[in-house]
Structures are given as C-alpha cells and as structure tokens.
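Below: the structure, in structure tokens.
The values are calculated or read from the model by the stated rules, or taken from the named source; none is laboratory data. Just so we're clear, the structure is a prediction, and the values are computed from it rather than from any experiment. Methodologically, a virtual Cβ is constructed for each residue, glycine included, from the backbone with ideal geometry; neighbour enumeration extends over all protein chains shown.
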Amino acid sequence: MNYYTTPSESARNILIANDRGGYTIPTSGLYPYQWNWDSAVAALGFAEFDINRAWVELETLFSGQWADGMVPHILFHKPDPGYFPGPDVWGGTGPIPSSGIIQPPLAATMARRVLDMDPVSGKERMRALFPKMLAWHRWIKAWRLDDHGAVCTTHPWEAGRDNAPDWDNTMAAIDASDVGEYQRRDTSHVNSADRPTKYDYDRYIKLVNIGREAGWDQAKLLELNPFRVADPTMSFTTLRAARDLLAVSNDLGLEADGLSADIDRLEAGARSLWNEGLGAFDARDAHTGEWAESVSNASYLCWYAGIESARMLERVKTVLTTVPHPIPSYDPHMPKFDERRYWRGPTWAFMNMLTGFGLAEMGHGVEAEALRLKTARLIAGHGFAEYFDPLTGGPAGGNSFTWTAAVWLHWAGRN
Ligand code: GLC
C-alpha cells in the first residue's frame, strides 16, 4: 500500500483504475472482463462516491442478460487473449459474448442497498432493472432447484468458489480424459501454488465443453451435466435476493407474482442444507444425495439469507477468537485445509462482508462488528488482495482487487 494515500483513497483509485467504461474488471491481467458477482460488489463501492456509476455497473451487467432471463457469470465485452477460457470456448448465446453459467445472484441485494443510499435518484433506475432481476430469479427457480428447493450449482465456477473442497467428490466422478490440450492463463499472472490444480482445471473445461456442445440448453443439461450440487452459496444468496426483490416490489408497487411462495420454497431448500452430523450448513450432491462434509465460509451466509442458527453462531464466535484472520473459506481443523489455495482455506473480504450484513441484521451486532474490524485490519495491513492467508494475513492471488476495495469503502473501512 502507498503510505502517502489513505486506504480509502487507494480503494477509490482501484475502482477507478479497474473501470473499463460502464463495467469494472476484478483486476487487470488475471481477470480482464466483467464478472457477475464481482460487479454487484463493485456497485456498493462506487455508491460511496459516485451513485450514478453504481447503477451503471448493474445496468451493464444486465445488458448481457440472455433472452431466457439468465445473467452470465462473465461478459466478454472486449477480446483479451490473456484469459482462458474465452468466448469461443464458452460459446454463450446471449446479446454479448459470454460464459454459459451464472454466479451467485448478489445483484438484487446490492441494488437495493444502492437504492437505500439515495432513494430519490435511484427509484427510476430500480424500476427499470427490476423486471430483469425478477426474470433472472425466475430462471434460477426454473433450472437450478433440487427436490427440496435448495439451489444447485452446475459448475464449480457457478458457485463462485472454484476449487472448494465441497466439489471434490462430485469432481472425482467426472472423466476429463478427453479434454485435450489447452493453455491456462491464470498461472502466468499469479503464483501457481495459490491456484486450482491441473486435475481441477481439466474438469472445469470438461464441464464447459458439455455445456457448449448442448448449446446451453438447460433441459438437455439437466440430463447431461454430471455436476449438480445443492450449495449454500447459491441457496443463501438466491433466497436473500428473492427477499430483497419482494421488499422492492412492495415499496415501489411492482409486479412480482409468486415471489412469496418462491421465498417459502427457497427457505425450505436452504434449511435442507443443514448437515446435522457435521453441525453446519453444507453442500449436497444433487445426484447422489451425498454431503460434502465441508464447513466453508458459505456456511456462514445463513444470516444473510435471514436464517438463524445457534450452532452457526457458536461457530462464528469460535472462528472470530481462534483464527487470526477470519473467516477462512474452509475449516482449519479439517484435513483438506490449505491456507493459500484459493477456496480451500483463504479468507475473502467480500464473503466476510456478506456474513457481516447478515449478522448485523439478525441482531448479532457484536459478532458483526468484530468481523468488520478484523476485515478492516486485514486490508489495512496487507492491501487490497484478492484473498488472504487466514493464519498470517498474507495477501494472495491478484492485487488491486475491485471487490476488496469496494468492501473497504462500503463496510470494512467505515468509521
Ligand atoms: C475467481 C473467483 C470468483 C470470482 C472471479 C473473479 O474465479 O473464484 O468467485 O468471481 O475469480 O474475481
């Protein structure tokens, strides 16, 4: 960090530097396009100093919405040969070259926060976005629910937690022997020890190939895709987004038929992810019914979704007092914990923010504030890294990262 600027100035400068005109890249080099949930977090950061730009970020994201309501996880606005897999490998069928999967739906929740920050200027923007956000919600309901109402991820990248241990068993059953040669680009930008392994990457590409060859026809993919995991990230964020959509529809008098019933179903689904043996919310393979047996940082998103859990509260208290830089993306007591490898241990500031929102809203102000201050210390001490070693606080992955800067401005760094 540059000692001649305050962290807030640095954070603003990062957002401005990563702005590519209407959308923000997560970081230059490693991630040169618009990512779905990163953009939703970026909007919160922009809202702190340029509310119009916050709305533009969300509007650009929805400019890539497919005719069926799907909002892709990456929009390839301008070609960049430094990224793999690019638009040709994905073969997205929307109005802008894109991937063919989604990411956890944060947009409605963040749009509501932006609206609350300036209701007068935001009303019309929200009215215009609302039907698009509702269409995305309906797409998720149509194509991603399991029998319980839990929301499934159909690719590890869809849940946004690429190499989480949650997917290990499901991934092991995928035959990727025919993926052929390809050149990864992520490991030419950052340390390969911080990144997913080749074993994982072969399977990521295999799943992309299956989707592209099916023309991203969701009915076909229900049959063809071997990867279908009911997941806390998708389930909690979808439930939360639906609650926010309902609140906005009531406030602004907008059509949202069936949303209350959807919320009941999604809530039952999210609750079904409680793994009693593990004592935590967990991922469950939708084909086999097998639990992942994984306590991840997504397990702590229950409050964000409006779901209380005494056992999770005990856990959060323990993590806040025993892990130097919480919340680790995987429980440090579990054998697969790896403090530097992406979603298998490291701490992610934006996930802390989501958990912090939920804790505060559900009356756990002490824990919310402890988490916020620890996140602030982590960023102030180690910079705007993509993610952090939960034991040492060491920065890892990319740097000058958009969502870490946005988290500072909107939540962690507030006085
Ligand atoms: C990685 C993360 C994902 C994020 C993307 C861009 O793939 O796992 O959650 O959206 O990078 O930052």
Fill in the blank from the handout: Listed by first then second residue, the pairs whose first member lies in segment 330-341 and is within 16 Å of A298 (Cα to Cα), whose partner is polar (S, T, N, Q) and not in a loop (DSSP other than H, G, I, E, B), with beta carbons under 6 Å and at least 6 positions apart or on separate chains, are Y330/S296
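Looking at this structure, is T109 more than 13 Å from the ligand (Cβ to nearest atom), of a type in the set (V, I, T), in contact with a Gly (Cβ under 9 Å, 6 or more places away or on another chain) and under 30 Å from A219 (Cα atoms)?
no
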Exercise for the section: Evaluate segment 207-223: report whether one residue or more is more than 16 Å from the ligand (Cβ to nearest atom) and under 25 Å from S329 (Cα atoms). Expected result: no
Handout entry: Enumeration of residues in segment 111-157 that are polar (S, T, N, Q) and either at positive phi or at pLDDT below 95 (or both)
Key = S121
Handout entry: Answer residue from segment 10-38, given it is within 9 Å of the ligand (Cβ to nearest atom) and assigned to a helix (DSSP H, G or I) and is nearest to A349 (Cα to Cα) among those
Key = D38
Problem - Residue check, P326 surrounded by 20 or more Cβ atoms within 10 Å (Cβ to Cβ), within 16 Å of the ligand (Cβ to nearest atom), under 21 Å from R161 (Cα atoms) and modelled with pLDDT of 95 or more - result: no
Fill in the blank from the handout: So, first residue closer than 18 Å to L134 by Cβ in segment 94-114, second residue part of a loop (DSSP other than H, G, I, E, B) and away from the ligand (no atom under 14 Å from the Cβ), Cβ within less than 8 Å, six or more apart or across chains; the pairs are G94/G64; G94/Q65; G94/W66; G94/A67; G94/M70; I102/M70
Problem - Elements of type helices (runs of 4 or more DSSP H) in segment 80-187, at least 3 residues being surrounded by 18 or more Cβ atoms within 10 Å (Cβ to Cβ) and among the aliphatic types (A, V, I, L, M) - result: 107-117, 119-144
Exercise for the section: Could you please find all residues in segment 46-71 being over 12 Å from A111 (Cα atoms), among the small types (G, A, S) and out of contact with any strand residue (DSSP E or B) (no Cβ under 6 Å at 6 or more places or on another chain)? Expected result: S63, A67, G69
Handout entry: Output for segment 367-387, where each listed residue is touching a residue at least 40 places away in the same chain (Cβ under 8 Å), more than 17 Å from S8 (Cβ to Cβ) and away from the ligand (no atom under 16 Å from the Cβ)
Key = E367, A370, L371, K374
Handout entry: Enumeration of residues in segment 246-272 that are of a type in the set (G, A, S) and either in a helix (DSSP H, G or I) or within 17 Å of V151 (Cα to Cα) (or both)
Key = A247, S249, S260, A261, A268, G269, A270, S272
